[in-house]
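S.K.: Before I ask anything, let me first share the structure, which is written out below as structure tokens.
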Amino acid sequence: MENISGEVRSVKLDMEACSVCFTAGEGTGLKGVEYTGDKKLAPEISLDDGILKITQKGTGVIMSIMKPRLTVTIGKDTILNNLDIRMNAGDIKINGIAADWFSEVIGAGNINISDSSFLKSEIISKTGNIDIRNTNLDMVVIEANVGNVKLDAAEDLDRYGIDCKVYTGNIRVGNDSCSGEFRSEEKGTGYIRIKVNVGCITVV
């Protein structure tokens, strides 16, 4: 696959079945996009006017056999306007990425986010665990159907208004544990909203 690099302001990713990793490199801009796996599953990639678009059409091929993998490397000094991810099936890993707006919708797969920074973020997951560690989050909304959600924020929880709800499972926020619903007082502009149908919520 031809290597693509240059100035990048926004990322739009729409994948059918693939494991995806966003990682940080030196400097600024898009450092490269690397795909490994069956060529029939290779996504279309374009970088135009600072917008990186990655699209993989439906293939009908079982991902567990083909094991396609995509790695996107972005300079650690880059702050994206938007990071927009749509994924039917596959795990997502994000490490060291910064964006004003982060949005992710995933059908089936685990989400791991670490050492990143998002001003506003929204994550919607049908099936899979969500693990967020050492990440600056000002405003975050998470909705999960089946799966555990763990959020280990980089900042003190006292700066957030926190609202968590689970229908089947338990909730832990700091040193407090409960079932059903947890709600703290509104504190400033920062907030954490998490809703899970089946699974556990941990916010520390």
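What follows draws every value from the coordinates through simple rules; no lab data is involved. If you're wondering where the values come from, they're calculated on a predicted model, not measured in any experiment. Cβ placement follows ideal geometry from the backbone for every residue including glycine, while neighbour counts extend to all protein chains displayed.
S.K.: State, as an integer percentage, the relative contact order of the chain based on alpha-carbon contacts under 8 Å between residues 6 or more apart.
M.R.: Computed over the chain, the figure is 16 percent.
S.K.: Largest first, please: the extent of the C-alpha atoms of the stretch 1-55 along each principal axis, to the nearest Å.
M.R.: Cα extents, longest axis first: 31, 21, 18 Å.
S.K.: Also, quick follow-up: Using the C-alpha gyration tensor of the stretch 10-128, what are the square roots of 5 times its eigenvalues, in whole angstrom, with the largest one first?
M.R.: 22, 16, 12
S.K.: Then there's this: Output the Cα-based Rg and Dmax of the stretch 157-196 in Å, rounding Rg to one decimal and Dmax to a whole number.
M.R.: 10.0, 30
S.K.: For the chain, take every pair of Cα atoms, bin their distances at 10 Å starting from 0, and report each bin as a whole percent.
M.R.: Taking every Cα pair in the chain, the percentages come to 9, 35, 33, 17, 5, 0.
S.K.: Taking the mean number of other Cβ atoms within 10 Å as a proxy for protection, how do you rank 105-115, 38-48 from highest to lowest?
M.R.: The peptides rank, most packed first, as 105-115, 38-48.
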